[in-house]
1. Exactly one of (1) closer than 21 Å to residue 227 by Cα; (2) open to solvent by less than 20 Å² (accessible area, probe 1.4 Å) is unmet by residue 331. Its number?
2. Taking region 118-142 only, how many residues are outside any strand (DSSP E or B), open to solvent by less than 20 Å² (accessible area, probe 1.4 Å) and farther than 19 Å from residue 285 by Cβ?
3. Hey, can you tell me all the residues within region 79-90 that are open to solvent by 70 Å² or more (accessible area, probe 1.4 Å) and either of a type in the set (S, T, N, Q) or at pLDDT below 75 (or both)?
4. I'd like to verify a number: residues in region 214-246 that are open to solvent by 30 Å² or more (accessible area, probe 1.4 Å), under 21 Å from residue 119 (Cβ atoms) and not hydrophobic (A, V, I, L, M, F, W, C), how many?
5. Which one of these does residue 327 not meet: (1) modelled with pLDDT of 90 or more; (2) under 16 Å from the mean Cα position of the chain (by Cα); (3) not hydrophobic (A, V, I, L, M, F, W, C)?
6. State the number of residues belonging to region 181-213 that are touching a strand residue (DSSP E or B) at 6+ places or on another chain (Cβ under 7 Å) and open to solvent by less than 30 Å² (accessible area, probe 1.4 Å).
7. Could you give me the residue pairs with C-beta distances under 8 Å whose first residue belongs to region 99-112 and is of a type in the set (Ser, Thr, Tyr), whose second residue is in a strand (DSSP E or B) wherever it lies, and which are 6+ apart or on separate chains?
8. Pick from 310, 280: which is open to solvent by less than 40 Å² (accessible area, probe 1.4 Å), of a type in the set (Val, Ile, Thr) and more than 17 Å from the chain's Cα centre (by Cα)?
Amino acid sequence: MNRKLLFFVLILSSYSGLNAQSFTTIASKDKLLQENKVIEKVDSLKKQPENWGLLLDFMELKIQKKDTSYLKWLNNFDLDLKTFQNKDSTKSALGFAYNLNIERAKITEKGHIKRGKSISLETKGNVSFNKEVNPYNFLNTKLALNLFRIGGGVTVTTTPNDLVYYANLRRKLATYESSEAILNAPEWHEMNEKFKLKNSWILKYDLNAGLESNQDFSKKQSTLGMRLGGSLKSWDKNNIASKLNILDYPFAFLRKLTQYKGMLHSGITLPTLLFGFDYVNPIKDTLRKKSDPNLKPFPRMHFEAGFRTVLTEISSQTLFFNSSFKYFKEINASNEIKNNSFDSFSYFTAAIASSSGVYVSYSNGKLPFDRRKEAVYEIGFKYQLD
């Protein structure tokens, strides 16, 4: 992958925890692993100067690239095989979850800002072979027109547009025999002056049309809406944004306690946020019809937050903690709808997952089409396919 897209890929892909399913995941699992390794090395330059060549390659490709706009497919397909069990352990079932996104984007760069627009088709859901034990009995398909902006990452300050300059600088640094010598070298100080790593951010908004249903389509409704979401990544652990991420404090303590050797810090795990507004047209919903015989269309707002961090590393496996919270609220609902608790829905999920794809999760709450809250456990394996 062209490293000019490196920070675009890393930031946009961070939405996968949120229903960042609601956003775009843009690389395969193998590619993401490679890009994460590069990012970790870029982030560690001042401590491990032997990795500076990766940043140099990034900058050389950036300078050689003359086009400032390009088209790109941003496609992804996730498949999770899982087993469900309710809180009382009285019911269990096998099932799967899917998330398919097909997206065509045009990206334009101007200065340190990347702008993009795209059209996407996304379909996702959770299917249980026993529909009575389905913690996420909510299928969602959307066609969307998206706009996004991305900033930060690697920036250059008054760097000569001359590849001979870079080659000479590389040769000089290669003559030093130790990391300490490189840190004290004038060439290293020159590199630090010319290449800066700033906080990365993404802002994305869309207009969309969709169809929501349960897994057997006995309940369904169409939607027209808009969404606004964003995320921030702070690469400097001393930055104020890193220190404000109190969600990661317990996990940072655990990483320290278990002597985690990776270079993750709280600024990289800041949560993603998504706000949305929909105009919902109920098509088929027998329970709602008892409170609203005409099944009138209604306005609805929703909010989602996602958080992902590293727990620790065991042997060759990295353990992650993923969580998400979703909230739906009907606007100006009638008393009949409110009295039957059809006006608001909230849902929380927490999971521990390994880098091999195995995970366990706990979910509690209810989503549109659910009529009561329920706690469900899952064990599964995640596949990510090109």
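1. (2) is the only condition that residue 331 fails.
2. Qualifying residue count for the region: 2.
3. 85, 87, 88, 89, 90
4. Within region 214-246, residues that are open to solvent by 30 Å² or more (accessible area, probe 1.4 Å), under 21 Å from residue 119 (Cβ atoms) and not hydrophobic (A, V, I, L, M, F, W, C) number 1.
5. Against the list (1) modelled with pLDDT of 90 or more; (2) under 16 Å from the mean Cα position of the chain (by Cα); (3) not hydrophobic (A, V, I, L, M, F, W, C), residue 327 comes up short only on (2).
6. Residues of region 181-213 that are touching a strand residue (DSSP E or B) at 6+ places or on another chain (Cβ under 7 Å), as a first pass: 194-213.
If we keep only those that are open to solvent by less than 30 Å² (accessible area, probe 1.4 Å) too, we end up with 195, 200, 202, 204, 206, 208, 210, 212-213.
Going through region 181-213 one residue at a time, the tally reaches 9.
7. Sorted first by the residue in region 99-112, then by its partner, the pairs are 108/69; 108/114; 108/115; 108/116.
8. Matching residue, one of 310, 280: 280.
The values are calculated or read from the model by the stated rules, or taken from the named source; none is laboratory data. Owing to the predicted nature of the structure, the values given are computational and were not obtained by experimental measurement. Note that each Cβ is placed from the backbone with ideal geometry, even for glycine, and that neighbours are counted across all protein chains shown. Just so you know, the surface numbers come from the protein's heavy atoms only, side chains and all, with ligands and any DNA or RNA stripped out. Shrake-Rupley method; radii C 1.70, N 1.55, O 1.52, S 1.80 Å.
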